[in-house]
Each structure stands twice: as structure tokens, then as C-alpha cells.
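Encoded as C-alpha cells, the structure appears first; notes follow it.
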Amino acid sequence: MNKVNRQIAIKQIISEQAIGSQEELCAALHRNGFDNTQATLSRDLRELGIVRINTPGGLRYVLNPLNEERRLQSFIGYEVEQISSNESLVVIKTLPGRAQGVAEIIDSLRNPLILGTLAGDNTIFVTPTSVGKMDELVKLLRRLTMEDKKVA
């Protein structure tokens, strides 16, 4: 399995489970079909901006939300071709075969403006938590996907 899939799995695992050590994370990855070395895992954690913090339940790996958003901008900015909306739904057009990966990244943000996503091959439907927040949601999605295009 490739690096992108492995890193998505790492983010999903630490979001759903209390993982406090690389050994625990390595075992969880192995249960999900990923074989990797400790060096690869360390590199992935650094690239993803994952840090280990003290929580009431002990040490736990977590994503640094600011680093994650910046990293995602560069990734999905090149995958998205168009964002449009009406009064109740946002439609994102992506490169062929990219919609599911982009939707997974959008979902991983766990942004309170987003109720959920539905992805096909090159189209994503994004449902807002409130139609009153539609403009704010569209601005968020455009910022996530367009900032790096301006620089490139």
C-alpha cells in the first residue's frame, strides 16, 4: 500500500483510538494491512504534524490542526477543479478518480460547518450543518483548495 493510503490510515487510527506509542500505532496499522518500519512511521508522524500530548488518559498522539490544514491545502488544491453551491449543497468537481480522496481529507478536518460528504469518481457533494452557514462553508472550501494554486 502506498504512502498516501498509509498516512490516511494513521490519521484515522489516531482519531478513533487512544494511541500512546509508536508500537501501538504500528500494531494498529498492521491490523489494517500496513507493514512498515519504525523509521517509516516516525517520518510519517513528522510529515503529518502528529504530536504526542498528555491527556487525562495518558500520552496520546494527535494531529496539530493548524499544520494539518496547511498540509492539506497543498495536496487537494491540485485535485479540485471547481466549487459551486446552491442554497443547500456544495458541489466540488475534481480530477477523474480523485473525489473520494479529497472527500476523505475534507471529512478528516471534522469542521463544524460540514455535516458530511458524498463522493463519486470526480464529484463531491458537501452538506453543510446549516444552510445559514453556506457562504462560510464555501469560503472555507475555496480557501483550502485555492490558496496554493495562487502561489504555484
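Nothing in this text is a laboratory measurement; each read-out follows from the coordinates by a stated rule. Every value quoted in this text rests on a predicted model; they were computed, and no experiment measured them. All Cβ positions, even for glycine, are placed from backbone atoms using ideal geometry, and neighbour counts span all protein chains on display.
Summary table below
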quantity	calculated
Derived scalar couplings ³J(HN,Hα) [the range 133-145; Karplus, 6.51 cos²θ - 1.76 cosθ + 1.60; whole Hz; x for Gly, Pro]	9, 4, 4, 5, 5, 4, 4, 4, 5, 5, 5, 5, 9
Simple spin-label estimate for D135 and E47 in nanometres, 7 Å along Cα-Cβ	4.0 nm
Gained length - Q12 relative to R110, 0.36 nm times residue gap less alpha-carbon distance	34.1 nm
Size of electric dipole in the chain: Cβ of Lys, Arg +1 and of Asp, Glu -1, about Cα centre, debye, nearest 20	300 debye
Given (1) 9.8; (2) 9.2; (3) 12.6, the label whose value is mean projected area of the Cα convex hull in nm² derived from this model	(1)
Helix 99-108 axis, angle to the chain major axis (alpha carbon atoms, nearest 10°)	70 degrees
Expected-Rg normalisation [2.2 N^0.38 Å, Cα atoms] applied to the range 3-63	1.01
Relative packing of 33-41, 12-20, which averages over residues the other C-beta atoms within 10 Å, highest first	12-20, 33-41
For a label point 7 Å along the Cα-to-beta-carbon line of V62, residues of the range 103-126 with backbone N under 15 Å	110
Cα centroid separation - the range 83-152 against the range 1-17, whole Å	21 Å
Label-to-label distance, nm, for residues given as V4 and F125 (7 Å Cα→Cβ offset)	2.4 nm
